[in-house]
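Below is one structure, written out as structure tokens, with a few remarks after it.
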Amino acid sequence: MANNIAEKRRQQEEDDEEEDGDLDGWGERNYADERSWEALQEDESGLLRPLDNKAMYHAQYRRRLRSLSTASNSQRIQKGLIRFLYIVLDLSRAASVMDFRPSRMAVVAKNVEAFIREFFDQNPLSQIALVIIKDGVAYSLTDLGGSPESHVKALMAKLECSGDSSLQNALELVHEYLDQIPSYGNREVLILYSALTTCDPGDIMETIQKCKKSKMRCSVIGLSAEMFICKHLCQETGGLYSVALDESHFKELIMEHAPPPPAIAEFAIANLIKMGFPQRAAEGSISICSCHKECKVGEGYICPRCKARVCELPTECRICGLTLVSSPHLARSYHHLFPITPFDEVTPSRQNEPHRRSQKTCFGCQQGLVNPGNKPSLHVTCPKCKQYFCLDCDIYIHESLHNCPGCESLRAS
């Protein structure tokens, strides 16, 4: 009798351990499985089906494209193609909060890396620098430069959270650097702020006025809640203030800062900028790099004015101060001056018109525009050449190619 009771207790303890193990496994499950009900939507018949993420992404993209096009067409806007951007990352203890999975810091680092690469793809003549805030102090992580790899590498090596955040110290540090930028460059600051407070040594309102006087455009993306001081900073300097709801929304907000913004009125004047087009250093040549003060072999470029050696382009020569760029950089900046017209969405009523039924393939990728069941899929048409394109080609043409293949084929013929 006693043996049976002891055996039952042992079996019950083993079952309890298995349940605890299952709970631990459930707790360690990939966080991507959480909130899975948000990936469902109700169709016309009342049934649940997965969200069409591709259609939603394209709808958001078209809204953004049309808003930018409307703003550009409503008035003649001069854009600053030579930008000097400081990205300020709040790495105080508020960045370790896990409302963004796995943490705010991890989400910020991941999206900043993607933003840096996208920024240099769209702004080849511009430069970025990184600043971090922790323990109530602002630190310069990288200097202004045009190499995305160096910025990303430096950022990933310093991902640690501690202490309080100080918005004033960050603005003072950035103002000290940007105040030396030439008048033809756009002075911009993008602050990714996690904390709900700022621990400042002085009057931050005076610092904001200094930034405004220096024509610095400060924008803030908050990861917690709206703060008056951040909103006031953006209103005074002409920047954008927004608060991220989730990771996808944060990515959308930060990517809105990749295209060149309108130039500040006082800077929107014509400037002739003297530039140099350096030649690549010969293979096997040994010389000292002017930017790192190191001896390098067969790498870098030679300044055409003073013959100093630099590692990357675009940059400013440390010896003679000449702005050094390459011709592909100028060519890639051209599309911001003359953006391609947004395509028109083909509605179902237009898809059934007789003269449109013959066009069943995308002019770009030659893929069919008809779904299984002979049902037309969503597609767009160029208002100039009247050619049809699928949604993927529409995004690729406007965000990467910046030329309409249909219009270019007509021009060639």
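Tabulated data for the structure shown
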quantity: Segment 334-348 - residue that is open to solvent by less than 80 Å² (accessible area, probe 1.4 Å) and at pLDDT below 75 and, of those, farthest from the chain's Cα centre (by Cα); calculated: Thr347
quantity: Tabulated pairs, segment 385-396, first acidic (Asp, Glu), second open to solvent by 20 Å² or more (accessible area, probe 1.4 Å), C-beta under 8 angstrom, 6+ apart or interchain; calculated: Asp392/Cys365
quantity: Residue check for Arg101: charged (D, E, K, R), open to solvent by 20 Å² or more (accessible area, probe 1.4 Å) and in contact (Cβ under 8 Å) with a residue 24 or more places away in the chain; calculated: yes
quantity: Cys306 vs. criteria modelled with pLDDT of 85 or more and assigned to a loop (DSSP other than H, G, I, E, B); calculated: yes
quantity: Criterion (in the same structural domain as Ser242 (by TED's automatic domain parsing) and surrounded by fewer than 19 Cβ atoms within 10 Å (Cβ to Cβ)) met by exactly one of Gln180, Gln168; calculated: Gln180
quantity: Meets criteria (assigned to a strand (DSSP E or B), loosely packed, with under 13 Cβ neighbours inside 10 Å and in contact with a strand residue (DSSP E or B) (Cβ under 7 Å, 6 or more places away or on another chain)) for Ile221; calculated: no
quantity: Of all residues in segment 224-241 being of a type in the set (A, V, I, L, M) and over 19 Å from the mean Cα position of the chain (by Cα), the one that is surrounded by the fewest Cβ atoms within 10 Å (Cβ to Cβ); calculated: Ala225
quantity: Identity of the residue in segment 365-382, open to solvent by 40 Å² or more (accessible area, probe 1.4 Å) and touching a Pro at 6+ places or on another chain (Cβ under 8 Å), that ends up modelled with the lowest pLDDT; calculated: Pro376
quantity: Cross-chain or 6+ apart pairs with Cβ under 6 Å, segment 312-325 first and over 19 Å from Glu149 (Cα atoms), then charged (D, E, K, R) and open to solvent by 40 Å² or more (accessible area, probe 1.4 Å); calculated: Cys320/Arg305; Leu322/Arg305; Thr323/Glu316
quantity: Only listed residue being touching an Asp or Glu at 6+ places or on another chain (Cβ under 8 Å) and either at pLDDT below 95 or under 19 Å from Pro342 (Cβ atoms) (or both), chosen from Arg117, Arg64; calculated: Arg64
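The values are calculated or read from the model by the stated rules, or taken from the named source; none is laboratory data. Quick caveat: nothing in here was measured; it's all calculated off a predicted structure. Every residue, glycine among them, receives a Cβ derived from its backbone with ideal geometry; neighbour counts consider all protein chains shown. What goes into the accessible areas is simple: the full protein's heavy atoms, side chains included, and nothing from ligands, DNA or RNA. Shrake-Rupley method; radii C 1.70, N 1.55, O 1.52, S 1.80 Å.
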